[in-house]
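Colleague: I have a structure here, written as structure tokens, and I will follow up with some questions on it.
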Amino acid sequence: MTFISRRDLLKRAAIVGVAPVARPFQDRDDGGAESPALHEPAFALQPAPARAREPLETLTAGEMDILDAVVARLIPTDANGPGATEARAAHYIDRALGGALASSRPAYTSGLAALDRYARSSRGAAFTQLSATDQNSVLIDVETGAATGFTGSSAAFFALLLNHTHQGTFGDPYYGGNANFVGWDLISYPGVRTMVTAADQQQLEKHALKPNHKSAYETDMFTKATARLEDESLPRLDAHDSDAKAEV
């Protein structure tokens, strides 16, 4: 099987935006050659400091434990910088499942349970208790459709998870993910600008434009509340309850 490394994703994202990559990331050595099998990443020896969990909005505590572990493998923290965990991609998903992604809630209920059952039956432990290597192995089985016990195709659930993890890592922070703009920093996205000077354009072409670390909705032009008030046919929701479809 050919693995796509995190480095390759960042290269692609910088060119064409965030595109789905249908398999977990794999670290590569300095020579750039892809390893023939998954290995324990170096960062596993120095995990990110534990942080208090925010109140959940949609998922159960057990479901969030599994989801946290999954997104941490899809976009892992490594020498390149923070990953989906630091971006709070799982928080984005939990929040969005109560809004714009509500139709996916049943898929998460059955899919996360099936993923954990498969981990226990095939690897002898709950998914959250497996090593990074075994977690990757389980996710590869899910991605390829080899995992059993799912309603429908396990590959379809993997694609859903990966898409939503991308949204939560690289989307506008307004929607609950991309905390502290770590996703945009990873792909060197300088942020939304309503006006670009000639000097800004030159810096952008040199990949040296300093990020402004602003949400699109911090500008008057993209204020979602204002946009809703202009259309009386839309319900007037507050920012927390507004749709959570990720935008960059």
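The values are calculated or read from the model by the stated rules, or taken from the named source; none is laboratory data. As the structure is a computational prediction, the values presented were derived from the model and not from experiment. Cβ atoms come from the backbone with ideal geometry, glycine included; neighbour counts cover every protein chain shown. Areas reflect the complete protein model, heavy atoms only, side chains present, ligands, DNA and RNA absent. Shrake-Rupley method; radii C 1.70, N 1.55, O 1.52, S 1.80 Å.
Yes/no per residue for (1) within 27 Å of the chain's Cα centre (by Cα); (2) modelled with pLDDT of 65 or more:
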{"position": "M195", "(1), (2)": "no, yes"}
{"position": "A199", "(1), (2)": "no, yes"}
{"position": "Q203", "(1), (2)": "no, yes"}
{"position": "H207", "(1), (2)": "yes, yes"}
{"position": "N212", "(1), (2)": "yes, yes"}
{"position": "E230", "(1), (2)": "no, no"}
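Colleague: Going by what's in this entry, would S121 be described as more than 17 Å from L74 (Cα to Cα) and within 17 Å of the chain's Cα centre (by Cα)? Full working, then the answer.
Modeller: Values: more than 17 Å from L74 (Cα to Cα): yes; within 17 Å of the chain's Cα centre (by Cα): no.
It is false that S121 is more than 17 Å from L74 (Cα to Cα) and within 17 Å of the chain's Cα centre (by Cα).
Colleague: Go through region 98-216 and tell me which helices (runs of 4 or more DSSP H), entirely inside it, have 1 or more residues that are crowded, with 16+ Cβ neighbours inside 10 Å and out of contact with any Leu (no Cβ under 7 Å at 6 or more places or on another chain). Don't jump to the end; show me each part of the working.
Modeller: Values: elements: 105-123, 132-144, 154-170, 182-186, 198-205.
Correct list: 105-123, 132-144, 154-170, 182-186.
Colleague: If you don't mind, there's one more thing I want to ask. Quick one: which of P55, P76 is at pLDDT below 95, open to solvent by 40 Å² or more (accessible area, probe 1.4 Å) and in a loop (DSSP other than H, G, I, E, B)? Outline the logic, then answer.
Modeller: On the way: P76 fails: open to solvent by 40 Å² or more (accessible area, probe 1.4 Å).
Exactly one residue qualifies, and that residue is P55.
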